[in-house]
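The values are calculated or read from the model by the stated rules, or taken from the named source; none is laboratory data. Predicted model only: the values in this text are computed from it and were never measured. Because the Cβ atoms are built from the backbone with ideal geometry, glycine has one as well, and the counts that use them run over all protein chains shown.
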Amino acid sequence: MTAESRTFDLAVIGAGINGAGVARDAALRGLSVVLFDKGDVCNGTSWASSRLIHGGLRYLEYGEIPLVYESLHERRHLRRIASHLVKPLRICIPIYRGAKRGPLMVRLGLIGYDLLAWSKPLPRHKMLGRDEIRAREPGLLQDRLRAAACYYDAQVTFAERLVLENVLAARAAGAEIMTYAEVTDIVIRGGAVASLNCEDTLTGQRTQIAPKVVVNAAGPWVDAVLNKTGKRFPPLIGGTKGSHIIVSRFDGAPRDAFYVEADTDGRPFFILPWNGLFLIGTTDTRYDGDLSSVRATRAEVDYLLAETNRVFPAAGLTIGDVHYAYAGIRPLPAQTGGPESAITRKHIIKSHRRVARGLMSVIGGKLTTYRNLAEHVVDKVGKALGRRLPECRTSDTLLPGGWGLEEARDALGALSALSGAGVDRLLRVYGGRAVGIAAIAQQRPELDGCVDEAATLPEAEIAFVVAEEMPRTLVDIVYRRMMIGLDADQGRTHYARIAELAAAEFGWDDARRDAELYALRAHTDSLQVGRPEAKKLTS
Ligand SMILES: Cc1cc2nc3c(=O)[nH]c(=O)nc-3n(C[C@H](O)[C@H](O)[C@H](O)COP(=O)(O)OP(=O)(O)OC[C@H]3O[C@@H](n4cnc5c(N)ncnc54)[C@H](O)[C@@H]3O)c2cc1C
């Protein structure tokens, strides 16, 4: 049965981290759910983040203590339910003479952070004297260095997979998932949501469903979605843009992650070891441009390069060292005046019952706090439905890849064509779900080889993601399933072979396969800054 003829308790618009979390929670609590996204899962802000699961040390400066507490609490839950994706990260803050934030201020902040994280099992912060930090990080700028503070947070290398696993869990609990399904109209009748229309952006097929409640979790597109009701709403989102660059390990690169104050404007930014590379960012500027083409500008990239070269003087990074860059819009609450960094990162769940009963919008939130946000939203959905829902179970129900890691390691280890590095890679990306890749490699002898010489990309992986993970395009497979799109060379050398394998699984003809390859290459190029031929493709 398609979604067309059905009524749902809940329709969720947007399969970013927040919509995915809401769909999972609601489905686990027994609601009938449909989740729409106008593109693939995690194609919006959620992939363009700094990928930290963090308390948000900086928010303490703005007195957002409940938010920091909530985030630290959630950090613990996510490390448990997604231990294959969310890993601890040691972060150092160097403190220089004349900096906006001196040792006392940093130390007080970290004492507060540790207190708020009380009983959350990560080591407490440590202050390092000048000689200690110099010995540990010899590449760090020494001039005017007074001390350093080191503390722990967590990192989700593949945020895309965190979102996807929430969607897969929602589907396993009965939710219907519609990707490349753009919601085009929300019909309000008699002061309540009556129906919702969407269009498949790949096939043009139109679908109508009748949900009792609609959650607008469209991130930066929340206002655009509200416009589809034909009613007037005051603007809810005041987005700010943040850009990141990705470079290889550079001369003098740190062992730990660094949280540094920029010289130009005093803004803190991160230099993060990530995915065998370094992820550097972010910027923070108000944005009211086109949401469909958000790119890191050359000026933003130059700012991040210059600030990194200043703090790690041997780095000498230039535009030619940037493998790729990405940018996203923080879906923050609309607020005029004041610095961008002072806009609250708390989430708001806005009910629109005066105009349309059963319609609510999610504003703000962080990758870190999505689970808790989803719990609040689903509690409100229960009230809107007039139903007493079961308790939320998402804090102690592991995500699909969180189970069976040892079993998957054994099954992958038995594949003679796969290298040890390949086993590690598959567990990092798929967690325990990787057992399904081993099973396909065993069952289908024609797929028992690897795509790459290093034997890390089994052919069976492509068959697995097509069968089990709902991709619809080659970009979905490379960038949001296999994750090789985020490698230094963006996986380029393997595109043609992956396209062949995907075409065989989907039953695409040659024309479709070539169109998919063209679109994939165009997507890869869109993340480039400067001249691609100047890139050093080493990692
Ligand atoms: C630069 C930057 C760095 C960040 N760093 C961090 C960090 O380190 N840690 C952290 O916790 N948080 C971080 N955040 C915040 C976090 O990434 C976002 O708050 C979060 O990802 C928002 O998720 P979302 O699901 O609300 O929105 P999105 O991920 O944008 O999802 C919204 C979805 O709605 C879909 N959609 C829109 N219109 C329609 C329609 N008409 N029909 C169907 N679907 C539609 C879109 O396609 C999109 O997939 C960062 C944000 C930015 C921008």
What's the number of the condition ILE349 fails, among (1) within 22 Å of the chain's Cα centre (by Cα); (2) assigned to a helix (DSSP H, G or I); (3) within 30 Å of HIS73 (Cβ to Cβ)? (2)
Return the total of residues in the stretch 417-433 being in contact with a Gly (Cβ under 8 Å, 6 or more places away or on another chain) and aliphatic (A, V, I, L, M). 2
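Need at least 3 residues that are near the ligand (Cβ under 10 Å from one of its atoms) and within 24 Å of the chain's Cα centre (by Cα) per element, so show me which strands (runs of 3 or more DSSP E) inside the stretch 180-256 make the cut, counting only ones lying wholly within it.
Numbers: elements: 181-189, 192-200, 206-216, 240-247.
Of the strands (runs of 3 or more DSSP E) lying wholly inside the stretch 180-256, those with at least 3 residues that are near the ligand (Cβ under 10 Å from one of its atoms) and within 24 Å of the chain's Cα centre (by Cα) span 181-189, 240-247.
Any idea which of LEU373, LEU398 is surrounded by 17 or more Cβ atoms within 10 Å (Cβ to Cβ), within 16 Å of the ligand (Cβ to nearest atom) and either of a type in the set (Val, Ile, Thr) or within 19 Å of ARG24 (Cβ to Cβ) (or both)? If you could, list the steps in order and put the result at the bottom.
Values: LEU398 fails: within 16 Å of the ligand (Cβ to nearest atom).
Step by step, each of LEU373, LEU398 is checked, and only LEU373 is surrounded by 17 or more Cβ atoms within 10 Å (Cβ to Cβ), within 16 Å of the ligand (Cβ to nearest atom) and either of a type in the set (Val, Ile, Thr) or within 19 Å of ARG24 (Cβ to Cβ) (or both).
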Tally of residues being farther than 27 Å from HIS523 by Cβ and in contact (Cβ under 8 Å) with a residue 40 or more places away in the chain across the stretch 1-23: 10
Can you tell me which of (1) within 27 Å of VAL529 (Cβ to Cβ); (2) within 13 Å of the ligand (Cβ to nearest atom); (3) touching a Ser or Thr at 6+ places or on another chain (Cβ under 6 Å) is the one ARG267 doesn't meet? (3)
List every residue pair whose Cβ atoms lie under 9 Å apart, where the two residues are 6 or more positions apart in sequence or sit on different chains, the first residue falls within the stretch 218-246 and is assigned by TED's automatic domain parsing to the domain that holds ASP288, and the second residue, located anywhere, is more than 10 Å from the ligand (Cβ to nearest atom) and of a type in the set (Phe, Trp, Tyr). SER243/TYR303; ILE245/PHE278; ILE245/TYR324; ILE246/TRP274; ILE246/PHE278; ILE246/TYR324
Looking at (1) assigned to a loop (DSSP other than H, G, I, E, B); (2) touching a Ser or Thr at 6+ places or on another chain (Cβ under 8 Å); (3) not hydroxyl-bearing (Ser, Thr, Tyr), which is the one condition that is false for LEU415? (2)
Which of the following residues is at pLDDT 95 or above and in contact with a Leu (Cβ under 7 Å, 6 or more places away or on another chain): PHE278, PHE233? PHE278
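With surrounded by 19 or more Cβ atoms within 10 Å (Cβ to Cβ), near the ligand (Cβ under 9 Å from one of its atoms) and among the hydrophobic types (A, V, I, L, M, F, W, C) as the only criterion, which of ILE95, ILE17 stands out? Working first, answer last.
Numbers: ILE95 fails: near the ligand (Cβ under 9 Å from one of its atoms).
The match here is ILE17.
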With the structure loaded, tell me whether ARG29 is modelled with pLDDT of 95 or more, away from the ligand (no atom under 13 Å from the Cβ) and surrounded by 21 or more Cβ atoms within 10 Å (Cβ to Cβ) or whether it fails that test. yes
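Tell me, please, whether a residue that is among the basic types (Lys, Arg) and touching a strand residue (DSSP E or B) at 6+ places or on another chain (Cβ under 9 Å) can be found in the stretch 320-332.
yes
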Looking for something modelled with pLDDT under 95 and among the aliphatic types (A, V, I, L, M) - is there at least one such residue anywhere in the stretch 390-399? no
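Grab the helices (runs of 4 or more DSSP H) fully contained in the stretch 55-168, keeping just those with 3 or more residues being within 25 Å of LYS346 (Cα to Cα) and at pLDDT below 95. It would help to see each step written out before you state the result.
Numbers: elements: 65-81, 103-116, 130-136.
Hits in the stretch 55-168: 65-81, 103-116.
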